[in-house]
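See structure below.
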Amino acid sequence: AVTESRSLFPAVVKKDGRRVDFDRSKLEGSFALALRKRPVSADIIASAIERIEERLLTLGLREIASNKIGALVMRELKKLDKVAYVRFASVYRNFEDIDEFTALVDEVR
């Protein structure tokens with residue numbers, strides 16, 4: 001039954017063009033890393049992940065670019081915890097210089 005429900009989700013298209021099955025544990029890992037030592041409960045994190053999964057299902061796509069999922073993660077983190085949002089964004093956006101990072105921090109202030 002797990003493989004059936006997994007097939008409801010769109011395939012994830014990585015930056016290098018590979019296609020992989022959607023994997024909730026990767027979302028959980030992203031949230032855990034960004035929210036490490038932050039005061040956000042497991043229930044709130046689970047709800048955020050469920051909102052992302054619901055969005056992926058309602059889009060009705062066969063595949064989705066990994067960066068689109070990253071954008072959904074950023075949107076949820078911005079609502080949950082500004083520090084976690086900046087942590088995730090700094091890796092996800094792969095800043096080239098300090099000015100880009102400063103602009104992000106200013107955005108959430």
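Values computed for the structure shown
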read-out	value
Qualifying residue in the range 8-26 (condition: part of a helix (DSSP H, G or I) and among the aromatic types (Phe, Trp, Tyr))	no
Condition broken by residue 94, with the remaining ones in (1) in a loop (DSSP other than H, G, I, E, B); (2) open to solvent by less than 40 Å² (accessible area, probe 1.4 Å) satisfied	(2)
Candidate set from the range 60-91 (those that are in contact with a strand residue (DSSP E or B) (Cβ under 7 Å, 6 or more places away or on another chain) and of a type outside the set (Ser, Thr, Tyr)); member that is surrounded by the most Cβ atoms within 10 Å (Cβ to Cβ)	69
Check on residue 48, closer than 16 Å to residue 33 by Cβ, in a helix (DSSP H, G or I), in contact with a Lys or Arg (Cβ under 6 Å, 6 or more places away or on another chain) and not β-branched (Val, Ile, Thr)	no
Hey, residue 55 of a type in the set (D, E, K, R) and under 15 Å from the mean Cα position of the chain (by Cα) or not	yes
Only listed residue being farther than 20 Å from residue 9 by Cβ and at pLDDT 95 or above, chosen from 25, 41, 47, 90	41
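The values are calculated or read from the model by the stated rules, or taken from the named source; none is laboratory data. Not measured: the values here are computed from a predicted model. All Cβ positions, even for glycine, are placed from backbone atoms using ideal geometry, and neighbour counts span all protein chains on display. All accessible areas refer to the heavy atoms of the entire protein, side chains included, with ligands and DNA or RNA removed. Shrake-Rupley method; radii C 1.70, N 1.55, O 1.52, S 1.80 Å.
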